[in-house]
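Inspection log for the structure reproduced underneath, given as structure tokens.
Quick note: the coordinates plus some simple rules give every number you see, no bench work behind them. For clarity, every value in this text was computed on a predicted model and none was experimentally measured. No Cβ is skipped: glycine too gets one built from the backbone with ideal geometry, and neighbour counts run over all protein chains shown.
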Amino acid sequence: MSDLFDILLSVSFWAAAIRIASPLIFATMGELICERAGVLNLGIEGIMVIGAFAGWMAVYLGAPLWLGVTAAMAAGMLFGLLHATLTVPFGLSQHVVGLGVTMLATATSYFVYRLALPEVTSPPKITPFAPMDLPVLSDIPFLGPVLFQQTALTWAALICAGLVGFVLFRTPLGLAVRAAGENPAAVEAQGLSVTGLRMGAVVVGSGLMAVGGSFLTLSAFSSFFFEMVNGRGWICIALVVFGAWRPGKAVLGALLFAAFDALQIRLQQTPLGAHLPYQVFLMAPYLLSILALILMSRRAEVPAALMVPYRKGER
Amino acid sequence: MSDPRDLVMRLDRITKRFGALTANDAISLTLRRGEVVALLGENGAGKTTLMNILFGHYVADDGRVEVFGEPLPPGNPRAALAAGVGMVHQHFTLADNLTVLDNIRLGTESLFSRGASRATARARVEALSRDFGLAVHPDARVGSLTVGERQRVEILKALYRNARILILDEPTAVLTPQEAEALFATLRRAIAQGLSILFISHKLHEVMAIADRCVVLRHGKVVGEVATAETSGAELAAMMVGGEIALPEARPATAGKVLMRLDGVTTPDKGAAPGLKRVTLDLRAGEIVGLAGVSGNGQAALADLISGLILPGSGSVSMDGPLARWSPREAIRQGIARIPEDRHKTGTIADFTLTENAVLEGYWQTGFSKAGLMDWRAAESFAEGIIAAYDVRCPGPAARIRLLSGGNMQKLILGRVLEPGPKIILANQPVRGLDVGAIAYVQSRLIAARDGGAAVLLISEDLDEIMGLADVIHVMSEGRLSPGFARGSKTAAELGLWMAGQGFDHAA
Amino acid sequence: MRLDPIAAPPLSRQIGLPALALVATLLVAMALALIAGADPLATLGLIAKGAFGSKFAALETLNRATPLIFTGLAVAVAFRAKLWNIGAEAQLYAGAIVAVLLGTGALGAPLVLPVSALAAMLAGALVLLGPVVLKTRLGVDEVVTTLLLNFVMLLFVSYLLEGPMKDPMGMGWPKSPALIKEARLPRIVDGLRLHWGFALALIAAVVVWVIQSRTTLGFEMRAVGQNREAARFAGMPVNVVLVKTALLSGGLAALAGWSEVAGLKGHLSSDLSPGFGYTGIIVAMLALLHPLSVVLSALFVAAIFVGSDSMSRAAGVPTYIADMLLATALLFMVLALMLTRYRVVWK
């Protein structure tokens, strides 16, 4: 028990929680935008992979870190465009297309990686984002190291979430996107293009997912390896539901989730960890996500037109 | 009046074909400033198609639309809005989870701008509400509004965009007669402010009450154009149906014993749709009970209950004694024929064949299957029987049902439920959206079933249909059921008061 | 751009467009080969040769197709009823675990094979039952739950292989003890490396086809998939149908794992499946969800995998070309399917 308190009171635990949450926040915001516009994007897992890969590859080839993030975003938007084209104007099953995009994006990453580095056995490292050491602020006891010694990408994640919330709920564009996910006929009747709004949302959302992926290579692990995304995309879909399609709640959900993740890693080092097989701890994030879905199942306000393709003139 | 500058909209030989069907055949029409023109026609006459062309949802194959002297680019709702055309659709185009204000503002500001402040927008909406008598709270969630309030939001949407021409598609279909009066008052204010109105309807008395001029459509063609002052309802009716009118002659009923009794039945509300509130109702052999009322007043709950989809929350349902179990299959087993409200979504499976649709609810009965194995040959001969006996026009039993017209689809459903010889028939909006011929056919089948001793419950929003067919009329309002009124004992206006909810307080 | 429905699509369109999708996939394959610096045509030739070029290669392809037929059927059955079972991978491992549990001495001949097959199906069915009950009772989307369970199951297998199911003679490798001889599926023909699992997969395809086209359950599953509201109105017990579908789907996926252990590998390790469960989705979609076509499409998919492995060694094109091609084929195929029923109108 005292182990638990030690962990919960430690700076490193909270710093880790925020670090772990960062890629999830990016990708959850991306998925949230798509779903608010009415499109379920199951391409998220693969788009995170391609983001992780493209960002790393660019930096490995000599690009500055921010250019790596940009490359990741561009790759994500490309696969987002594929997803959007197939699901929006063509109205194909969002389930099947999403899984297809995940498979294609993942395979593309692995294919190009092997093509570029055929001989490599241990993945090469790049120099990742360094923690920002903000003067004064980072010297605040406890809060300083937890909040102000994170990398710039973590801050970008938090800013991004604020921006998404602002655009969705405080601008005409956000209103139009949300309306496209609630009743596309209403959007069309007001002279706006449902196709344009939904495609735009999917492309931009996919860009954010890819940035989330690039956090893994550019800020967390410094190298690209297979299966590194490891279901994080699916977890983000659960987080969108858990956050009731609201950016603020989704960020809280991501932080909560990351805190549990950071906790299970630390609990493995305690006497409790010695008693339980480590796989039990590793299962926790997935089981937690399922639990979140169950808890929210009765309450969540799903966008009314989520997964409903829209064809002009059809009712 | 004939000043050409007064001309605000002109349709010139609009033509639209869907495959072999010509939905609009060279339709021409003009609308002047401050004028109400009614576009009158039966279901399927081409009114809605014309609307959709006007508003840019469809592109006409031929012809042109001019607004204020400028041609309107086809297929572009945005251009129609910009030209000052506002449209109130029959099926509202509102997002339920957004507020009234958000629904009105949607698409009115440049997407990539910050947008006007909420306070400014709200002040404008409130001013418009006041000026046109359209009371509705700007911050209410649309999903929580009544149908009448939603229609007000639709009109506000158009006014907020400074529409100069309002097009209303069957605006009163969802309103009580009293709500319709309030709508007319709003429209008169709009005319006084110089707006022009195109009013689409198939209800003669409304058209007579509000329109200056009537344009009558039949089979996609303009068959007449008259000033309202110079015509009569009878003349318009004759133009509309062109002598095809064939309301089946209903012989007086000889009611027999009670086949189903609802006693004080209450069901839970379902979102905005009210459930039943202590409803007591008898369905008797050889009698058509008509259920009138504005849609969304509990008819769906009653239909779901009798269909077996929901259980009574309290109160009892009995058929030859109380019901022990209740489900759709149990309803079928008890001899209830169910004609659902929406034949596309609920009544049929579009990509199934006629055979598969014919046995959709009876496939488990011996004769169609044995020990879990389907007997497709028996199913097909059943379908062939229906096709022959009910005059279903189709390529054959193996065709997918999505290829059929609404009328033929409805005939197949009719055959499916009537062939087993049901005791009770639930007909929920059985003729909505059908052409005149199919309407007469479906109605005559229902009367024949009644004469054969079945109890019929006919649910319809169309008061004329109810008054023409039903032996006993009940009215529903907010889940409550009025007492039964014998055929001819109440006028439409009197029934309208019940539809608006008056009378229940005394009756309850 | 607008899509106009085609009332009665001609047969040429119904066959031509899916065929075109496959041709387009081959073109993508050649483009990828070019990018990798290989001769496009030669690469295709090497893939074909690697898959069917020798008796050994062909048998390898058939062996690889076996689990794919099972998972393809599992997905096809579920998707037909619009039950989005993306968890075939987890169900596969459930079947594999049972094969080891009952096949390492707990049961002897002649009971062990039939009993462990049935028990495996039951285990797979149970794994899918959870998400389906969550769906029918609470409305929890089964896509995400089945996906997440795949990860949980893999960790569970890893735990078993490092704990209770660890092979004491495994020299530290995380693998299970070997199955007893009686618990192994025999070879169809002596001397040929093809086990009875393949024959069983073919039988399963026929059985599923009969269920779908000839039984009331099949009729219900199709109706529920096409239009849930109409099925409910017509008196079909929609939730019961979904549960039955789940049992069948989970059971089929479990047979994939069971037959891999009992037929091919003889033991369980955590690399038993290189994503057979996910690939089942591709197999099912390429087969247009038709159970008999699943066999053909599984052979096609297996050939791409086996052929690419061998081509990769010869031509140096990364073996991940197979995954890219199959994902491309999947997307082309769903597009082609839609275009058989809608005409694109550019205006």
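Provide a whole-number value for the mean count of partner chain Cβ atoms within 10 Å of the Cβ atoms in peptide A:208-218. Intermediate values should be presented prior to the final figure.
Working: counts 0, 0, 0, 0, 0, 0, 0, 0, 0, 0, 0.
Going residue by residue through A:208-218 and averaging, the value is 0.
Simple point charges give the picture: +1 on the Cβ of Lys and Arg, -1 on the Cβ of Asp and Glu, and for the protein assembly as shown a dipole about the Cα centre of about 840 debye. The packing ranking of peptides A:106-114, B:172-180, C:158-166, highest mean first, is A:106-114, B:172-180, C:158-166, where packing means the average number of other beta carbon atoms within 10 angstrom of each residue. Distance from the Cα centroid of region A:109-136 to that of region B:74-113 is 48 Å (rounded to whole angstrom).
When you count the other C-beta atoms within 10 angstrom of each residue and take the mean per peptide, A:248-259, A:76-87 line up highest first as A:76-87, A:248-259.
Sort C:199-208, A:171-180, A:18-27, C:102-111 for me by packing, meaning the mean count of neighbouring Cβ atoms within 10 Å per residue, highest on top. The partial results should precede the final answer.
Working: C:199-208: 17.9, A:171-180: 24.4, A:18-27: 27.0, C:102-111: 15.5.
Averaged packing, sorted descending, gives the order A:18-27, A:171-180, C:199-208, C:102-111.
Take peptide A:41-48, look around each residue's Cβ out to 10 angstrom, count Cβ atoms belonging to other protein chains, and average those counts. Let's see the in-between values first.
Working: counts 0, 5, 0, 0, 1, 1, 0, 0.
Mean shielding count: 1.
Region B:232-362: percent of C-alpha pairs farther apart than 18 Å? Cα-Cα pairs in region B:232-362 separated by more than 18 Å: 66 percent. Inverting the pair-averaged 1/r between distinct Cα atoms of region A:19-162 gives 16.8 Å as its Kirkwood hydrodynamic radius. Nearest 10 degrees, 0 to 90: what angle lies between the long axis of helix A:65-87 and the longest principal axis of chain A (Cα atoms)? For helix A:65-87, the angle is close to 40 degrees. The Kirkwood radius of chain C, taken over pairs of alpha-carbon atoms, gives through the Stokes-Einstein law at 10 °C and 1.306 mPa s a diffusion coefficient of 75 µm² s⁻¹.
With no solvent and one equal point scatterer per Cα, compute the Debye intensity ratio I(q)/I(0) for region B:350-421 at 0.12, 0.13 Å⁻¹ and report its log10, rounded to two decimals. Here log10 of I(q) over I(0) equals -0.27, -0.31.
Evaluating kT/(6 pi eta Rh) at 37 °C and 0.692 mPa s, with the Kirkwood radius of region B:146-224 over Cα pairs in the Stokes-Einstein relation, gives 245 µm² s⁻¹.
For the listed residue pairs B:K345/B:K411; B:K157/B:K490; A:K249/C:K244; C:K55/C:K265, the alpha carbons are over 27 angstrom apart in B:K157/B:K490; A:K249/C:K244. From the alpha carbon centroid of region A:67-98 to that of region C:140-212 is 34 Å. Rg ratio for region C:157-312: its Cα radius of gyration over 2.2 N^0.38 Å, N being its residue count, equals 1.26. Note on region B:36-70 and region C:75-130: Cα centroid distance 60 Å, given to the nearest whole angstrom.
Legend: mean number of C-beta atoms from other chains within 10 angstrom of residue C-beta atoms, peptide C:212-220, equals 5.
Rg(Cα) of region C:291-347 divided by 2.2 N^0.38 Å? Don't skip to the end; give the middle numbers.
Working: Rg = 15.3 Å, N = 57, 2.2 N^0.38 = 10.2 Å.
In units of the 2.2 N^0.38 Å rule of thumb, it is 1.50.
With viscosity 1.002 mPa s and temperature 20 °C, the Kirkwood radius over alpha carbon pairs of region C:74-276 converts through Stokes-Einstein to a diffusion coefficient of 122 µm²/s.
Value of Rg to Rh for the protein assembly as shown, rounded to two decimals, is 0.99; Kirkwood radius and Rg both from alpha-carbon coordinates.
Reported to two decimal places, what Rg/Rh ratio describes region B:349-508 when computed on Cα atoms with Rh from the Kirkwood expression? All intermediate terms of the calculation are to be shown ahead of the outcome.
Values: Rg = 18.8 Å, Rh = 17.6 Å.
My calculation puts Rg/Rh at 1.07.
Within the same chain, aspartates and glutamates fewer than 8 places from B:K277 are excluded, and of the rest, those with a Cα less than 20 Å from its Cα are B:D263, B:D269, B:D304, B:E461, B:E478, B:D505.
Residues C:W258, A:W56, A:W245, C:W209 in ascending order of nearby Cβ atoms (within 10 Å, fewest first): C:W209, A:W245, A:W56, C:W258.
Between 0 and 90 degrees, the angle of helix B:118-132 with respect to the longest Cα principal axis of chain B falls at about 80 degrees. The P(r) of chain B has a tail past 41 Å containing 26 percent of all C-alpha pairs. Distant-in-sequence amide contacts of B:R400, defined by a placed amide H-H separation under 5 Å and a gap of 5 or more residues or a different chain, comprise nothing.
Of the residues B:G421, B:A399, B:A389, the one whose Cα sits farthest towards the positive end of the charge dipole of region B:350-421 is B:A399 (charges of +1 on Lys and Arg Cβ, -1 on Asp and Glu Cβ, taken about the Cα centre).
Share of antiparallel DSSP beta bridges in the protein assembly as shown, in percent to the nearest 5? Please report the intermediate quantities before stating the final value.
Numbers: 48 of 85 bridges.
Antiparallel bridges: around 55 percent, rounded to the nearest 5.
Across region A:246-255, computed HN-Hα scalar couplings (Karplus, 6.51 cos²θ - 1.76 cosθ + 1.60, θ = phi - 60°) run 10, x, x, 5, 5, 5, 4, x, 4, 5 Hz from first to last residue, x flagging Gly and Pro.
Other residues with beta-carbon under 15 Å from the beta-carbon of B:D320 carry, at +1 per Lys or Arg and -1 per Asp or Glu, a net charge of +3. The P(r) of region B:4-241 has a tail past 23 Å containing 49 percent of all C-alpha pairs.
Counting only alpha carbon atoms, the long axis of helix A:94-116 and the longest principal axis of chain A meet at about 50°.
DSSP finds beta bridges in chain B, and of those with both partners inside it, around 50 percent are antiparallel.
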